[in-house]
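One structure is given here, and the rest of the page talks about it.
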Amino acid sequence: MQLFYAILFFISFLLLSLMCLLFKRGNLKDKRLPPGSMGWPYIGETLKLYTQNPNTFFSTRQKGYGDIFKTHILGCPCVMISSPEAAKIVLVSQANLFKPTYPPSKEMMIGPEAIFFHQGDYHSRLKKLVQASFLPSAIRGSVSEIEKIVLRLVSSWENTTINTLNEMKKFAFDVAIISAFGGRSDLETEGIKHLYNCLEKGYNSMPLDLPGTPFRKAKKARKLLNERIKKMIKRRRESQKKGGGLLGVLLESKDHKFNNLSDSQVADNIIGVIFAAHDTTASVLTWILKYLHDNKEVLEAVTREQEKIRWAVKEENRGLRWDDTRRMPLTNRVIQETLRAASVLSFTFREAVQDVELQGYLIPKGWKVLPLFRSIHHCADFFPQPEKFDPSRFEVPPRPNTFLPFGNGVHSCPGSELAKLEILILLHHLTTMYRWEVVGNEDGIQYGPFPVPKKGLPLKITARSKKTISAKIN
């Protein structure tokens with residue numbers, strides 16, 4: 001009799017489970033896809049997105065379809081979302097339903113073991129290691145090293161015309177190298193820099209694996225870069241001291257079974273950190289100089305703030321310190337407003353791991369989901385007069401989930417504090433010692449892939465007169 005009831009219970013449980021599954025599927029079928037256009041076959045709306053101002057692309061579709069709409073870009077069906085509430089669901093509260101994803105060609109260029117492409121235990125372990133390397137307590141000792149890079153770089157700009165984006169890439173790369181490897185070894189890092197430049201060109205090109213294409217050259221550079229970094233890993237593993245930077249942290253790490261990360265895991269994450277710390281920071285710095293150039297009153301206010309710090313540093317006959325960078329509230333607001341106005345990271349990619357209902361619409365399993373940071377940052381409901389460059393708007397904290405320059409949730413950028421630190425140090429020396437003028441009258445934006453001023457913002461850099469500096473300080 002007990003066996004009979006056990007079998008009856010088991011059958012009832014199976015039937016109930018099946019009914020729940022069918023009910024759920026029926027409910028999902030009843031849900032409709034978000035409105036929108038899928039564009040041309042395969043190409044979709046990719047060309048429209050990457051050849052016009054993204055503000056225009058997003059706002060046109062929002063007006064026509066609302067805050068959630070479908071499209072087709074980079075060969076993938078996508079759902080774009082532009083409300084803070086929906087972004088929070090995808091990135092935070094139901095992040096387990098939306099895994100981070102990149103186009104396969106880009107994943108190959110960075111490395112499949114990099115933190116960006118994973119969830120679960122492996123991601124959690126790496127996130128803790130990377131975060132530990134970029135906490136304020138870990139990066140505060142980098143101020144003097146970053147300042148040396150700044151002083152060397154800005155002195156080479158004096159009385160010359162620079163391509164701002166290219167120069168900022170040099171700066172961001174040098175800082176990324178310190179963060180990744182600790183102490184500098186110019187012979188090693190010059191080789192890495194050359195290979196990374198080849199890799200970057202291919203990363204941002206069409207993935208055509210044909211002889212002579214940037215993509216084919218980048219694949220070769222990626223292989224050589226991997227070999228070079230693995231040689232560094234081998235030397236450090238054989239040494240009693242694992243060295244500084246993120247590389248040292250990754251080499252020292254052991255999991256709960258006392259296993260080290262493999263060479264491939266370490267190499268992919270080092271390349272990933274350089275990638276994350278390079279393009280975006282360089283683009284943000286380019287925009288900051290553009291906005292300060294176009295808003296002279298803001299530039300002068302920042303200069304006054306920085307001159308007070310410079311005077312104290314000069315009086316004590318020392319270099320810039322971590323504590324000095326904590327006394328730059330206006331400059332910090334300029335950085336925040338640039339991150340909002342420029343929105344260098346227009347969106348991020350996620351992928352639905354199962355059929356998901358979002359705000360009454362169905363997102364099928366495998367579809368990409370793109371929270372639109374740019375649309376949220378340029379919404380007048382959250383940021384009045386969004387086209388105006390106004391750092392004072394950050395005198396009060398923005399509404400939750402409306403300011404997302406570094407993403408949100410478990411996959412938010414762990415290097416945000418380092419990025420802000422290097423920007424503060426550069427602005428300290430640049431605003432107090434130099435002035436800049438845009439060369440030419442061509443205005444506008446180019447995309448490669450991040451939005452930057454056209455032609456990389458050519459600037460003529462000139463030294464401020466010592467009389468002006470002295471008068472301002474006194």
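The values are calculated or read from the model by the stated rules, or taken from the named source; none is laboratory data. Here the structure is a predicted model, which means the values were calculated and not measured. Note that each Cβ is placed from the backbone with ideal geometry, even for glycine, and that neighbours are counted across all protein chains shown.
Considering the range 84-113, the residues that are within 20 Å of the chain's Cα centre (by Cα) and among the polar types (S, T, N, Q) include one that is farthest from VAL410 (Cα to Cα), namely SER105.
Counting only helices (runs of 4 or more DSSP H) wholly contained in the range 249-326, the ones carrying 3 or more residues that are of a type outside the set (Asp, Glu) and out of contact with any strand residue (DSSP E or B) (no Cβ under 6 Å at 6 or more places or on another chain) occupy 263-294, 296-315. Filtering the range 373-385 to residues that are over 17 Å from CYS413 (Cβ atoms) and buried (at least 17 other Cβ atoms within 10 Å of the Cβ) leaves SER375, HIS378, CYS379, PHE382, PHE383.
The set of residues from the range 429-460 being surrounded by fewer than 19 Cβ atoms within 10 Å (Cβ to Cβ) and aromatic (Phe, Trp, Tyr) comprises TYR434, TYR447.
Quick check on SER59: is it in contact (Cβ under 8 Å) with a residue 60 or more places away in the chain and touching a Ser or Thr at 6+ places or on another chain (Cβ under 8 Å)? Against the criterion (in contact (Cβ under 8 Å) with a residue 60 or more places away in the chain and touching a Ser or Thr at 6+ places or on another chain (Cβ under 8 Å)), SER59 qualifies. Taking (1) surrounded by fewer than 17 Cβ atoms within 10 Å (Cβ to Cβ); (2) modelled with pLDDT under 85; (3) under 21 Å from the mean Cα position of the chain (by Cα) in turn, ILE73 satisfies each apart from (1). For the range 58-70, a residue qualifies if it is crowded, with 18+ Cβ neighbours inside 10 Å and either polar (S, T, N, Q) or more than 21 Å from the chain's Cα centre (by Cα) (or both), and the qualifying residues are ARG61, GLN62, ASP67, ILE68, PHE69, LYS70.
Look at the range 396-409: where a residue is within 21 Å of LEU330 (Cβ to Cβ) and a partner is modelled with pLDDT of 90 or more and part of a loop (DSSP other than H, G, I, E, B), sitting 6+ places away or on another chain with Cβ atoms under 7 Å, you get PRO398/PHE382.
The set of residues in the range 125-140 being more than 20 Å from ILE229 (Cα to Cα) and either in contact (Cβ under 8 Å) with a residue 12 or more places away in the chain or under 17 Å from the mean Cα position of the chain (by Cα) (or both) consists of ARG125, LYS127, GLN131, ALA132, PHE134, LEU135, PRO136, ILE139, ARG140. Among the conditions (1) in contact with a strand residue (DSSP E or B) (Cβ under 6 Å, 6 or more places away or on another chain); (2) over 22 Å from VAL90 (Cβ atoms); (3) modelled with pLDDT under 75, the only one that GLY39 does not satisfy is (3).
Considering only the range 203-225, state which residues are at pLDDT below 80 and small (Gly, Ala, Ser).
Start the filter on the range 203-225 by keeping residues that are at pLDDT below 80, which leaves 203-208.
Scanning the range 203-225 gives a single hit, SER205.
When the range 343-360 is filtered for residues that are surrounded by 19 or more Cβ atoms within 10 Å (Cβ to Cβ) and under 16 Å from SER82 (Cβ atoms), the ones remaining, listed by number, are SER343, LEU345, SER346, PHE347, THR348, PHE349, ARG350, LEU358.
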